[in-house]
Amino acid sequence: MSLSTHQQNLAKIAVAIGVNLQAGQKLVINAPAECAEFARAIAKAAFERGAGDVSVKYSDEHVARMRYDHASTETLTKVPAWHIDRLKSMVDDGDAVISIHAEDPDVMSGVDAEKVKAAAVALNKAAMPYHDAIINNRIRWCVIAVPTVGWAKKVFPDLPDADAVSALWDAIIKASRVEGDDPIANWQAHNDSFNAKSDFLNRHQFKAFHYQSKNGTDLEVGMPEGYIFTGGAEAAEDGVIFFPNIPTEEVFSAPHKDKVNGTLVSSHPLVYNGQLIDGFRFTFKDGHVTDFHADVGEEALKSLVNATEGSDQLGEIALVPYHSPISEMNILFYNTLFDENASCHFALGSAYPTCIEGGTDMNEEQLKNTGLNVSATHVDFMVGTDDLRITGIMADGTKIPVFENGDWAI
């Protein structure tokens, strides 16, 4: 099946806007095996832009499931040297990285959660230098999504396979702003819309934000001094502007890891290491999760919270209006890349050093001392609702509405 013009535009946008590939630079594409045709379209766009080289690493989640079912925990937790060397080479060479995220939310249903946790912890520890390069923007990276049959059928279960894939493609194209005569201009205009919100939040330097919703959320989130909210495009270490996520609707920063207290209730399901978690909530005390519950996938939620150091604390606070373009599609994507852009969200795990003044020049201990969380994990989950109220609290106690009824109040 040949790709449509809009689908080809998405591949071009990922290269030109997502990683902003420079002439002579190498590109690495991470792709599910089912997305080979689209990976080739990205490679074509990259070479047309002057890429020095393009390589593709394919994955197969069904084989991954077989490994969890049949391989030993010892085998699953042994990360091969070639994998570590490959990641190190990508960072050392300054490669750009485009990753296609298209998990089937049900493929890991019933798998041994302890095996998944152990394998994830081992991989995260082995990949820390690469992870550090990503969160510090030392290399340019972009995450996009392409339909697979398993994912499409989860989103549109009543449609035949081909129709489900087509419907999901339509939603992705709309969310990714690649329609019209000039998709690049679409993204440049979209980026301008983030600046006013970020400037307001950074100028006020709120001491904390108070979240309230009828679903039970009642949470105060303290902020570190010198926090930075940002959204849309970011500057890499080499000064080149890029978009880490396509699509994106969020303005985000890092909360103070030790100043989070109260109850936080999810508003969307979460797929974590291929396992579905739904109807979940957390209780925080002095920044740590002290209690949690999930109606579906509680063992997976437990493995998320207890994965590694810092995985029980928040590393990201992200503001997204309830009536965002993705939210108004009224589609549950079962994919964090989209669902997080339909809803205010947080992340358990590592904070981005770019979210605090001077953060990219700090070591781990210095980041911790400023209040930022340092961890080998980073997992987003959604909390936005149509009645969410977020109040900014100034150092002198002044309270300023930031969100009312799920949307911006500023």
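Every number here is computed from the coordinates shown, using simple stated rules; none is lab data. None of the values given here were measured: they were computed from a predicted structure. So basically every Cβ, Gly included, is an ideal-geometry build from the backbone, and we count neighbours across all protein chains shown.
Using a cut-off of 15 Å between alpha-carbon atoms, which aspartates and glutamates can reach Lys12, once sequence neighbours fewer than 8 places away in the same chain are excluded?
Glu37, Glu48, Glu179, Asp181, Asp182
Assuming 0.36 nm per residue, please report the length gained on full extension of the stretch Glu114 to Asp192 beyond their Cα-Cα distance.
Working: separation 78, 0.36 × 78 = 28.08 nm, distance 4.42 nm.
Gain on stretching Glu114 to Asp192: 23.7 nm.
Quick one: length gained pulling Asp199 to Glu48 fully straight, 0.36 nm per residue minus the C-alpha distance?
In short, 50.7 nm is gained.
What residues have an amide H closer than 5 Å to that of Val383, excluding those fewer than 5 places away on the same chain, when H is modeled at 1.01 Å from N in the peptide plane?
Amide H neighbours of Val383, under 5 Å, 5+ apart: Ser267, Cys344, His345, Phe346.
Could you please report the charge total around Phe346, scoring K, R as +1 and D, E as -1 over all other residues with beta-carbon less than 14 angstrom from its beta-carbon? Don't skip to the answer; put the middle values down first.
Numbers: positive: Lys257, Lys259, Arg281; negative: Glu220, Glu250, Asp312, Glu316, Asp339, Glu340, Asp380.
My count for the surroundings of Phe346 gives -4.
Could you compute the net charge surrounding Ser266? Neighbours are other residues with a C-beta less than 12 Å from the C-beta of Ser266; K and R count +1, D and E count -1.
On the way: positive: Arg281; negative: Asp278, Asp295, Asp339, Glu340, Asp380.
That sum, taken over residues with Cβ under 12 Å, equals -4.
Which of the chymotrypsin sites (Phe, Trp or Tyr not before Pro) found in segment 343-410 are in a DSSP loop and have at most 10 neighbouring Cβ atoms, other than their own, within 10 Å? Walk me through the numbers before you get to the answer.
Working: sites: Phe346, Phe381, Phe403, Trp408; in loops: none.
Loop-located and lightly packed - none at all.
By its C-alpha gyration tensor, with a ≥ b ≥ c as the square roots of the eigenvalues, how is the chain shaped: rounded for a/c under 1.5, else prolate for a/b larger than b/c, else oblate? Kindly include the intermediate steps, with their values, before the conclusion.
Working: a/c = 1.31, a/b = 1.21, b/c = 1.08.
The shape class here is rounded.
Looking at the chain, send over the antiparallel percent of its DSSP beta bridges, to the nearest 5. Show your work: numbers first, answer last.
Values: 51 of 67 bridges.
Here the share of antiparallel DSSP bridges comes out near 75 percent.
Roughly how many debye, to the nearest 20, is the charge dipole of segment 5-175 about its Cα centre, given +1 on each Lys and Arg Cβ, -1 on each Asp and Glu Cβ, and no other charges? Present the calculation step by step, with values, prior to reporting the outcome.
Working: 19 positive and 22 negative charges, 115 e Å.
Charge dipole, segment 5-175, about its Cα centre: 560 debye, nearest 20.
Please go through the residue pairs Lys368/Lys399; Lys154/Lys174; Lys214/Lys285; Lys117/Lys207; Lys125/Lys302; Lys125/Lys399 and name each one whose alpha carbons sit more than 29 Å apart in this structure.
Values: Lys368/Lys399 27 Å; Lys154/Lys174 19 Å; Lys214/Lys285 21 Å; Lys117/Lys207 35 Å; Lys125/Lys302 19 Å; Lys125/Lys399 41 Å.
Exceeds cut-off: Lys117/Lys207; Lys125/Lys399.
Taking segment 302-372, which GluC sites (Glu not before Pro) meet the DSSP loop condition and have no more than 15 other C-beta atoms within 10 Å?
Taking segment 302-372 and a limit of 15 other Cβ atoms within 10 Å, the loop GluC sites (Glu not before Pro) found are Glu309, Glu357.
Please give the FRET efficiency for Met66 paired with Glu365, using the beta carbon to beta carbon distance and R0 = 30 Å, rounded to the nearest 0.05. Before the final figure, lay out each step's value.
Working: r = 41 Å, r/R0 = 1.38.
FRET efficiency, Met66 to Glu365: 0.15.
From the Cα gyration tensor of segment 5-175, with a ≥ b ≥ c the square roots of its eigenvalues, which class applies: rounded if a/c is under 1.5, or else prolate if a/b is larger than b/c, or else oblate? All intermediate terms of the calculation are to be shown ahead of the outcome.
Values: a/c = 2.27, a/b = 1.05, b/c = 2.16.
The shape class here is oblate.
Between segment 294-361 and segment 142-188, how many Å separate their Cα centres?
Each part reduced to its Cα centre gives a spacing of 21 Å.
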